[in-house]
Amino acid sequence: MSYKQMKYFQDLEDYSAAYKIARADWDANPNLRWPKNTIAWLLIKMMKANARAYARNKFIQLLEEFKELDVPQDDKKLWGAVAWPVRDIVSDSWQMQWFTPQFCDVLFSTIREMPFDKPSESYSAMVKAFIRLGGLWPRLAEFIEWWGFDNFTDYDYRRYPEDGVLESLVEKVFAAYLVALHREERHREPSKEFFDGLDNLAFRSQDQADKIYKIMKYGQ
């Protein structure tokens with residue numbers, strides 16, 4: 001009966017009511033299989049609905065609750081899906097000019113231990129949102145190092161026209177990393193993973209790698 005009630009509210013897109021029913025069943029009997037998976041998807045749906053700058057506190061609450069569910073690391077569908085609302089709230093905060101470094105610090109501390117599905121379209125979309133922050137967030141270089149320099153999809157190496165410039169997501173990430181390093185108060189060299197990733201980029205596209213080498217030379 002509880003499952004039918006949950007499904008009824010879910011079909012009405014009243015995810016909060018559906019979540020309460022699933023959560024009550026799971027709390028009453030943790031051995032039930034359906035509530036935990038349902039709760040995970042309902043939390044993702046609620047995160048999507050609250051992926052707005054004005055709802056950031058609620059978003060973090062939902063994200064932390066998802067993290068505490070202990071979703072299996074090999075559940076690629078769930079970990080792939082949770083990256084999208086993370087992308088959305090960063091994008092909305094930037095677009096609405098409601099971004100604060102403190103919020104991004106909290107967001108980063110919450111997601112950094114999450115085993116996101118990578119490489120994947122959603123994982124790439126997440127880094128694309130973060131690099132738009134530029135100098136607004138002092139920890140951008142640290143975030144890019146965490147995200148990784150070898151987690152790009154094949155599509156990320158393709159160049160597309162954007163803002164009048166023909167470039168790939170890979171170029172944007174590598175360039176954003178170097179610029180973010182340059183902005184840091186304490187000077188430090190690019191990470192070993194950066195150079196390993198740059199070697200891989202040169203193997204795929206010498207032209208794209210040369211662009212990054214030029215940025216490095218200019219910054220010296």
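Which distance in nm do the two modelled labels at Arg186 and Leu12 give, with both placed 7 Å along the Cα-to-Cβ direction?
Going by the 7 Å Cα→Cβ label model, 5.4 nm.
So which lysines can Lys67 reach, going by Cα to Cα under 19 Å and dropping same-chain residues fewer than 8 places off?
By straight Cα distance, Lys67 reaches Lys20, Lys36, Lys45, Lys48, Lys58, Lys76, Lys77, Lys118.
Could you give the dipole magnitude of the range 138-220 about its Cα centre, charging the beta-carbon of Lys and Arg +1 and that of Asp and Glu -1, in debye to the nearest 20?
Computed charge dipole of the range 138-220: roughly 240 debye.
How high is the relative contact order of the chain, in percent, counting Cα pairs under 8 Å that sit 6 or more residues apart?
The normalised contact order for the chain reaches 13 percent.
Local charge sum around Ser91 (other residues, Cβ-Cβ under 13 Å, Lys/Arg +1, Asp/Glu -1)?
Summing Lys and Arg as +1 and Asp and Glu as -1 gives +4.
For the range 55-157, what class follows from the C-alpha gyration tensor (a ≥ b ≥ c being the square roots of its eigenvalues): rounded when a/c is under 1.5, otherwise prolate if a/b is larger than b/c, else oblate?
Oblate, because a/c is 1.5 or more while a/b does not exceed b/c.
Would you please give the FRET efficiency between Asn31 and Met114, computed as 1/(1 + (r/R0)^6) with r the Cβ-Cβ distance and R0 = 30 Å, to the nearest 0.05?
0.75
I want the local charge near Glu64. Using Cβ-Cβ distances under 12 Å, sum +1 for each Lys or Arg and -1 for each Asp or Glu among the other residues.
Charge balance in the 12 Å sphere: -1.
Hey, any idea what the orientation-averaged projected area of the convex hull of the chain's Cα atoms comes to, in nm²?
13.7 nm²
Highest first, please rank the peptides 58-70, 118-130 by the mean number of other Cβ atoms sitting within 10 Å of their residues.
With the highest mean Cβ count within 10 Å placed first, the list reads 118-130, 58-70.
Once the convex hull of the alpha carbons of the range 138-220 is built, what does its volume come to per residue, in cubic angstrom?
So the per-residue hull volume is 96 Å³.
In the chain, if the dipole is taken from +1 on Lys/Arg beta carbons and -1 on Asp/Glu beta carbons about the Cα centre, which of Gly164, Ala24, Ile44 is farthest to the positive end?
Towards the positive end, the residue furthest out is Ala24.
If you place +1 on the Cβ of every Lys and Arg and -1 on the Cβ of every Asp and Glu, how big does the dipole about the Cα centre of the chain come out, in debye to the nearest 20?
That gives the chain a dipole magnitude of about 420 debye.
From Cα pairs below 8 angstrom and at least 6 apart in sequence, can you work out the relative contact order of the range 94-220, rounded to a whole percent?
So the answer I get is 22 percent.
Laboratory data are not the source of any read-out in this text; all were calculated from the coordinates shown. Since we're looking at a predicted model, the values are computed, not measured. Ideal geometry is used to build each Cβ from the backbone, glycine not excepted, and the neighbour counts take in all protein chains shown.
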